[in-house]
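Below you'll find the structure, written out as structure tokens, and then a few comments.
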Amino acid sequence: MNVFKNATRRQALSALGRVAAGLAALFTVKHVKAAVQGAVSTPAPKGYDPTAHQWQMAIDVEKCIGCGLCAEACKKENHVPKEPGYFRTWVERYIIKKPKAGAMVMHGEVVMARGETVVDSPNGGIGGFSPSAVPKPEILKSFFVPKLCNLCRHSPCDQACPVGATFRSPDGVVLVDWKYCIGCSFCVQACPYGCRFISPVTHTAEKCTLCYHRITHGLKPACVEICPTGSRIFGDLKDLSPSNPLRKFYENRKLQTLKPHLGTEPHVFYAGLDGEVR
Amino acid sequence: MSQPKLPPQLTRLLLVTVAIVAVYFAARHFLVPPSFGQYGWYRADFLKEAAALPTTYAGAAACAECHDKVVAKFAKSKHKGVACEACHGAQGAHADDPAIKPAKITDGLFCVRCHAANPARPEKFPQVNVAEHNAGTKCGECHSPHHPTEGL
Amino acid sequence: MMLPPILLETTAHYDELLKHVQGFIYPNELNLLWSVLIVCYPYITGLVAGAFIMASLERVFRVKSLQPTYRLSLLTSLAFLLVAPLPLLFHLGHPERCFEVMMTPHITSPMAIFGFVYAWYLMAVLLLELWFDYRKDLVEWSRTATGWRRLLYSLLTLGVRDVSLDALRFDDKIGRAITIIGIPSAFLLHGYVGFIFGSVKANPWWGTVLMPIIFIFSAMVSGIALLMFLYLVTCWLRRVSVDMACLETIGKCLLTALVVDFAVEALDWIHRLYIADESLDVLVLLASGRLIYSLFVMQIFMGMIVPGLALAGMIVYKAGVKMRQMVYFTCSLLVLIGIFAMRWNVVIGGQLFSKSLRGFTTYKLELVGQEGLLTSLILLAMPFVIVSVMIHLFLPRSEMAARPTSPAIQN
């Protein structure tokens, strides 16, 4: 017994079919258009092929003198707000103290040990570091560590972005499309290294771009250019010539990355990194 | 022969669903940016935009084009690894238009930012206790910045 | 559009923030980004899921005593679901670009997938279930109502006016099927919000396997408490006598959910304390320092222990009806506040300590501003306004008392 009054199954299916055909037509038009556009225009800058490079930065911790010129140059080059809280790169100082008297006592004897670690980064290191509050006699070891985007191969920031505004370019740089970013800050939360921030000017995520606008024109990133001691080493992994500064570094030094246990596969290698560095 | 009819609720809902899906795909057609997806899940055109930003620092190679004598002397000194702009500041504007003069360095203790003694600095790095070493004199009175050990 | 407060700040703002920094933080961590709005967002979505589960208890598990609150649960769920995306929208740096999440969703991102989970839950679960349950009434009201209400009810029937016995039987069957799908969908909805935090491996406070589970159970707790609160308030305001069997059932459900939620959160802490990994020191300092009031006093003591004991007491001690209603009302309020504190502890707490595990920053909650206290209060009040309108339109006073099931379905 049939009490339903409306469309029969056939009528419903035919209506569905017509709509589906319309959708398919729209879909085809869009993709043909995109294919044509792709063939006609190229997104890369003139004369620069992003797939021919794989940019990399490395840090020699033992050379850093904490002058802060890199952080300052970066802010100038990339027009980052001068206020604290917005750094594309910065320098940290680690002071490992001697143990307090009686702190490490084994079988009644005071033994050698590493005491408390004090870390600071006043204004990201810009303007240098004044003598610390820790008096010199109490210091066991002290050093500076430059920090920046770690160029992760499995970057959690890329994974976290809901719209595809942050990504790893074909030449290895993690960039943020400021015209597409919605400013949700998920990438900032996802970055384990604290290298991202939300710009108060553009209200989008911002981070070290390896000075993409310089490296695509044969220049070095501003921080590498400015560093007086060669603590920052920059090169192209696809450059197999012996003059590649990364080559000697990779061949001769024992290298570490930050937070390797998180599986982000960071690719900024540090030489001379101490276990206290996070 | 009677056709089994779909309940009116279902047909109406199917229609609404199809309409919503159609609107979604139509919206995608207009709202997804043109170069999206070309290299990966992002706007490929952005690579061009990112590369087109203006530079502020000229780079040491640019300075050598005009200031070749100073650069040659500099290259023989202890400071040879130091970029010109590390002390002279960003000179991109000056490199483009030499009429724009760089600011003079007037701070007599300018060198202190790198060379003041600091326990965190590598031990082999030349550093001095400024109060003792300078005792009121400017660094430049004994040291030439372009060749710091000259005449000592 | 209000100017983002940060542009109006001077260096004095940053100096003040720096003054409150303890230990070492990465320089970029000075500004706490996910504000109280992002506390409101999981709070509101949790209420959605929890309220829906109560409706499903009646529909799927045939807990007859919950009949009086069936429609109220669904309407509550919908009212809160409609407001849920608003805190996110207000928080975005570029809300005008929000459509990008649906147009180019990056499927590796929990936030992007959440857009679709939300759409699924709204359209395929909640709206459908409401429509099938209300269809008969909508057709009837569209005939008897006048003015704009007549138009509204007519529109909502979607033009389908068949209310024959067969059609109603079909409605009931489909409605039950949708609720069955709806239960895992509700878990997915709020579990996904939990996963948004649980997926952040960079943050040891957030990135745990238990996070979606904790969020699901605290959602249940808050949703049940909300239903209890709304049922009592609606009955009181409409001068309808409260169905005590219904209230007692809700109370027992709330107690069960509270116990399970407490157990899961305790498990998280026991696990952390036992494995004692690198992050434990800073997290203990966080819990005993900056979060001491919101965690121990508001979330645990006021939000779980006191209501838990009171609810258990209601099972053991047979107090009078008035007294029981007051106790349940108070418990529901305490739980609602306690779960808000829980969301605060997760969201704000997770950003107060540095990822270097060496220090703490501070959160400056503005009173007015795009992400201020006033905005949050307005956003939290909105669903209550919406649900009042819905009750007025869709829940006639005569329905508030337990209604018998319609004859068609009884056969």
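The values are calculated or read from the model by the stated rules, or taken from the named source; none is laboratory data. None of the values given here were measured: they were computed from a predicted structure. Heads up, the Cβs are rebuilt from the backbone with ideal geometry, glycines too, and the neighbour counts pull from every protein chain shown. To get the accessible areas, we keep the full protein, side chains included, count just its heavy atoms, and leave off ligands, DNA and RNA. Shrake-Rupley method; radii C 1.70, N 1.55, O 1.52, S 1.80 Å.
Numbers at a glance
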| quantity | calculated |
| --- | --- |
| For chain C, with +1 on Lys and Arg beta carbons and -1 on Asp and Glu, the positive-most of C:G372, C:G159, C:F217 along the dipole | C:G159 |
| Size of the C/A contact, given as accessible area buried on both chains, probe 1.4 Å, in Å² | 4100 |
| Heavy-atom accessible area per residue - the stretch C:159-226, 1.4 Å, Å² | 33 |
| Area buried, chain C against chain B - accessible surface, total, 1.4 angstrom probe, square angstrom | 1400 |
| Diffusion constant of the stretch A:208-278 at 4 °C, which comes from Stokes-Einstein with the Kirkwood Cα-pair radius and 1.567 mPa s, µm²/s | 94 |
| Translational diffusion coefficient (Stokes-Einstein; Kirkwood radius from C-alpha pairs) of the stretch A:115-189 at 20 °C, 1.002 mPa s, in µm²/s | 137 |
| Average beta carbon contacts from partner chains per residue of C:28-40, 10 Å cutoff | 4 |
| Rounded percent of accessible protein surface that carbon and sulfur make up, the stretch A:140-278, 1.4 Å probe | 55 |
| Accessible surface of the stretch B:90-152, 1.4 Å probe, proportion on carbon and sulfur as whole % | 59 |
| All Cα pairs of the stretch C:94-189, percent lying beyond 18 Å | 59 |
| Per-residue average of Cβ from other chains inside 10 Å of C:162-170 | 3 |
| Stokes-Einstein D in µm²/s, Kirkwood radius over Cα pairs - the stretch C:254-411 at 10 °C with 1.306 mPa s viscosity | 82 |
| Rg/Rh (Cα only; Kirkwood hydrodynamic radius) as it applies to the protein assembly as shown | 1.05 |
| Those trypsin sites (Lys or Arg not before Pro) in the stretch B:19-97 that DSSP places in a loop and that have at most 13 other beta carbons within 10 Å | B:K76, B:K78, B:K80 |
| Structure-based [θ]222 nm, chain A - -39500 (n - 2.57) summed over DSSP H runs of at least 4, per residue, nearest 500 | -7000 deg cm²/dmol |
| Distance histogram for chain B (every C-alpha pair counted, 5 angstrom bins, percent rounded to whole numbers) | 2, 7, 10, 11, 10, 8, 6, 6, 5, 5, 4, 4, 4, 3, 3, 3, 3, 2, 2, 1, 1, 0, 0 |
| Surface share of carbon and sulfur [accessible, 1.4 angstrom probe, percent] for chain C | 72 |
| Peptide A:220-229, shielding by other chains (average Cβ, 10 Å cutoff) | 5 |
| Residue-normalised accessible area of the stretch C:271-411, expressed per residue, 1.4 Å probe, Å² | 49 |
| Unsatisfied cross-links (Cα-Cα over 25 Å) in the set A:K220/B:K78; A:K136/A:K248; A:K141/B:K80; A:K248/B:K78 | A:K136/A:K248; A:K141/B:K80 |
| Computed over the stretch A:48-120: relative contact order in percent, which uses C-alpha pairs under 8 Å that are six or more apart | 23 |
| Highest to lowest packing among C:212-223, A:163-174, scored as the average C-beta count within 10 Å | C:212-223, A:163-174 |
| In degrees, nearest ten, helix C:36-59 long axis to first principal axis of chain C (Cα) | 30 |
| Cβ charges +1 (Lys, Arg) and -1 (Asp, Glu), total dipole of the stretch A:194-278, debye | 40 |
| Entries of A:K76/A:K147; A:K75/B:K104; A:K76/B:K101; A:K259/B:K48; B:K5/C:K136; C:K64/C:K173 with Cα pairs more than 23 Å apart | A:K259/B:K48 |
| Protein heavy-atom accessible area occluded, A/B pair - total, 1.4 Å probe, Å² | 5400 |
| Distance histogram in 10 Å bins (all Cα pairs of the stretch C:1-151, percent per bin) | 8, 25, 26, 21, 11, 6, 2 |
| Cα pair distances of chain C binned at 20 Å [whole percent] | 25, 54, 19, 1 |
| Relative contact order (%) - chain C, alpha-carbon pairs under 8 angstrom, separation at least six | 30 |
